[in-house]
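To keep things clear, I will list the structure first and then write my remarks on it.
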Amino acid sequence: MSEKTAAETASSRRWFTLATVALAQLMVVLDATVVNIALPAAQADLGFSNGDRQWVVTAYSLAFGSLLLLGGRVSDLIGRKRAFIIGLIGFAAASALGGAADSFGTLVAARALQGVFGALLAPTALAVLTTTFTIPKERARAFGVFGAIAGAGGAVGLLLGGYLTQDFSWRWNLYINVFFAIIAVIGAIIFVPALGKRVGERPKLDVPGTLLVSGALFALVYGFSNAETNGWGDFWTWSMLVASGILFIAFVLWQQRAKHPLLPLTIVLNRNRGASYLSVFVAGSGMFAVFLFLTYYLQTSLGFSPITTGLSFLPMIACLVLAAQLGTNIFVPRFGPKVLVPIGMVMASAALAWMTQLDLSSTYAANILPPLMLMGLAMGTIMPASIQTATLGVDRQYAGVASAMVNTSQQVGGSISTALLNTLVATAVTGYITSNIAGATTPAAQAAVAAQAAVNGYHVAYWCASAFFLAGAIMAALLFKRKASVQATLHAAHASAEQHRENDRQADAATAAA
C-alpha cells in the first residue's frame, strides 16, 4: 500500500471515528431533555407524586455530575476504546431497564445507572476525539461537529421527546438509546483506535482525590437541586453547599501532593484551558434559560404542543451548526478563541435581552424566531472554540480527565443556573400576583394575572442569563491568550501526537520481530 493510500485510509477512519463519537455524545446530551418531556406521561403511568417526580431528573444529574472526573481518569487508565465500549453498553442497559420500569424505584435506579455510565462515556468520547484529530485543519472540523452537537443536543431532545411521547410511549424516550448504542458500539469496535503501548510506570488511580472530588460534586449538585425544590433556607441546601466547598478545598490541597493526581492542577491553571472551562460553564448555565423557560413559555403561555415546541427549536439548531462550522473552519484559525468566544457571549446576551420583549400576544415568526436564531449563532460560536481549546496541548495520558472537566463545567453550570433562575422566577411570579390579584374580581381576570405573572417571571430569567453572558464575554476577552500562542500550542500538540504514533509503530514492530 502506497504512503498516499495509507494516509487516505487513516483519514477516512478518523471521520468514521468522529461519526461514532458524535452519536455517543448526542445520546448523552439529549437524554437530559428527552426524559423531561416524558415525565408527565411516566408519572401518570407509574403513579408517583409531584414531589417524587424531581428524582427522575436528579438521580441522573447527581450520578453524572459527581462521577465525571472519575470517568475521565478511568478512561485514561484502562484505555479509551475499552472505556468507550463499556460506557455505551452500560448506558444502553440502564436505558432498557428504565424503559421497562414497572415502579418508581426502578425508574430512579435506572436513571442513576445512566448517570454512572454517562459519566464514563461523555469524557471518553471527547478524549477519543482529542487524541484522534491532531492535524490542525481536521481538528477544527471535528470539533466544529462535536461542539454543535454539545450545544444542540438539548433542543434535539425536546423534538425527539415530544415525538416519541406523543406518537409512541414515554418508554421509548429511554429505549431509543439502545439503538443509538448498538450502532455506536459497532462503530467503536471497527474505527476507534486502541491505546498504544504504555511506556514507563503504570499510573494508579488517585483514590483519596477521587473520593474528595466526587463527594464535592455530589454535594454541589444535590445542594442546588434541593434549593430548586425546598428553598435556600432548607438545611440540606446550605449544609450540602458548605460541605461541597470544604471538600473542594481539600481536593485541591491533596492534588498538590498526590503522586498520581486525579486532576493535575496544571490542566486547569493553564490560561487558555481555564478560560475554556469557564466559557463552557457560562454557556451551559445560560442555555438553560432558553431551553427551560422558553419551553415553558411556548407550551403554557402560547399553548404549543410538545412536538410543535420541539420543531420551534429547529431553526436555532440550524444556525448553531452553521456557526459552528464557519467558526471552527474559518474564524477560529484566523482570529482565535480570544475574539470568537467573547463575540459569541455578546450575541447570546443580546438574544436573551431580546427575549424579554416576548409577551402573551407574541407570534413565533415575528417575535420568537429572530432571537432564537441569534442564540443558535451565539452557541455555535462559543461551544466549538471553547471545547477545542479546553483539550488543546494536554498530554494524552490526561486527555480523559481534561475532557471530563468540559462536561463537569457544563453540568455544574446547568445545575446552578436551574436552581438560581427557578428561584428568581418563582419570586417574581409570586410578587406580581400579590401586587395585581386584588384588582382581578373574576376567574378570567385572575387567570390573566397568573398568565402575565409567568411571562414576567421568564423575563427575569432572561435578564439574569443575559447579564451572565455579558460577564462571560468580559472574562473570556481578558483570559484567553492571543491567536499566535494558541496556534503554537496546536502545532506543538500535532508534533507530539505524531511522535507518539511513531513510537507506537516502532514498539509494535519490535514486538512483532521478537
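The values are calculated or read from the model by the stated rules, or taken from the named source; none is laboratory data. Since the model is a prediction, treat every value here as computed from it, not as a measurement. FYI the Cβ positions are ideal-geometry reconstructions off the backbone, even for glycines, and counts take in every protein chain you see. Surface accessibility is based on the protein's heavy atoms, side chains included, excluding ligands, DNA and RNA. Shrake-Rupley method; radii C 1.70, N 1.55, O 1.52, S 1.80 Å.
In table form, for the structure just shown:
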item	result
Cross-chain or 6+ apart pairs with Cβ under 8 Å, the stretch 248-269 first and closer than 13 Å to VAL207 by Cα, then among the β-branched types (Val, Ile, Thr) and in a helix (DSSP H, G or I)	PHE251/VAL213; LEU262/THR210; LEU262/VAL213; LEU262/VAL401; LEU263/VAL213; LEU263/VAL401
Residue among ALA385, ALA448, ALA426, ALA402 that is over 19 Å from VAL290 (Cβ atoms), without any contact (Cβ under 8 Å) to a residue 60 or more places away in the chain and of a type in the set (A, V, I, L, M, F, W, C)	ALA448
Among the residues listed as LEU129, LEU113, the single one being in a helix (DSSP H, G or I), buried (at least 24 other Cβ atoms within 10 Å of the Cβ) and not polar (S, T, N, Q)	LEU129
The stretch 386-421: number of residues that are aliphatic (A, V, I, L, M), open to solvent by 10 Å² or more (accessible area, probe 1.4 Å) and within 24 Å of GLU228 (Cβ to Cβ)	4
Any chance PRO384 is over 19 Å from ILE135 (Cβ atoms), part of a helix (DSSP H, G or I) and in contact with a helix residue (DSSP H, G or I) (Cβ under 8 Å, 6 or more places away or on another chain)	no
Residue that is farthest from the chain's Cα centre (by Cα), among those in the stretch 327-356 that are closer than 19 Å to ARG271 by Cβ and open to solvent by less than 10 Å² (accessible area, probe 1.4 Å)	GLY336
Pairs, first charged (D, E, K, R) in the stretch 217-237, second open to solvent by 70 Å² or more (accessible area, probe 1.4 Å), C-beta under 9 Å, six or more apart	GLU228/LEU420
Residues (in a helix (DSSP H, G or I), at pLDDT 80 or above and open to solvent by less than 50 Å² (accessible area, probe 1.4 Å)) located in the stretch 310-326	SER312, PRO315, MET316, ILE317, CYS319, LEU320, ALA323, ALA324
Out of MET375, MET383, sole residue that is open to solvent by less than 10 Å² (accessible area, probe 1.4 Å), modelled with pLDDT of 90 or more and more than 27 Å from ALA447 (Cβ to Cβ)	MET375
Checklist (1) open to solvent by 70 Å² or more (accessible area, probe 1.4 Å); (2) over 16 Å from SER214 (Cβ atoms); (3) in a helix (DSSP H, G or I) applied to ARG257, failing item	(3)
Residues of the stretch 62-100 satisfying the condition of being touching a Lys or Arg at 6+ places or on another chain (Cβ under 9 Å) and either in a helix (DSSP H, G or I) or modelled with pLDDT under 80 (or both)	ALA63, SER75, ASP76, LEU77, ALA94, GLY98, GLY99
Qualifying residue in the stretch 264-276 (condition: at pLDDT 85 or above, over 25 Å from GLY223 (Cα atoms) and not in a helix (DSSP H, G or I))	yes
Those residues of the stretch 87-102 which are surrounded by 19 or more Cβ atoms within 10 Å (Cβ to Cβ) and touching a Leu at 6+ places or on another chain (Cβ under 8 Å), in sequence order	GLY87, LEU88, PHE91, ALA94, SER95, GLY98, GLY99, ALA101
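Quick grid of which residues meet (1) over 17 Å from ALA419 (Cα atoms); (2) within 19 Å of the chain's Cα centre (by Cα); (3) of a type outside the set (A, V, I, L, M):
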site: HIS260; (1), (2), (3): yes, no, yes
site: LEU263; (1), (2), (3): yes, no, no
site: ARG273; (1), (2), (3): yes, yes, yes
site: VAL282; (1), (2), (3): no, yes, no
site: LEU294; (1), (2), (3): no, yes, no
site: TYR297; (1), (2), (3): yes, no, yes
site: THR300; (1), (2), (3): yes, no, yes
site: PHE304; (1), (2), (3): yes, no, yes
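Here's the yes/no breakdown for (1) closer than 20 Å to ALA404 by Cβ; (2) in contact with a His (Cβ under 9 Å, 6 or more places away or on another chain); (3) surrounded by fewer than 20 Cβ atoms within 10 Å (Cβ to Cβ):
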residue: LEU211; (1), (2), (3): yes, no, yes
residue: ALA216; (1), (2), (3): yes, no, no
residue: GLY231; (1), (2), (3): no, no, yes
residue: SER239; (1), (2), (3): no, no, yes
residue: ALA250; (1), (2), (3): yes, no, yes
residue: VAL280; (1), (2), (3): yes, no, no
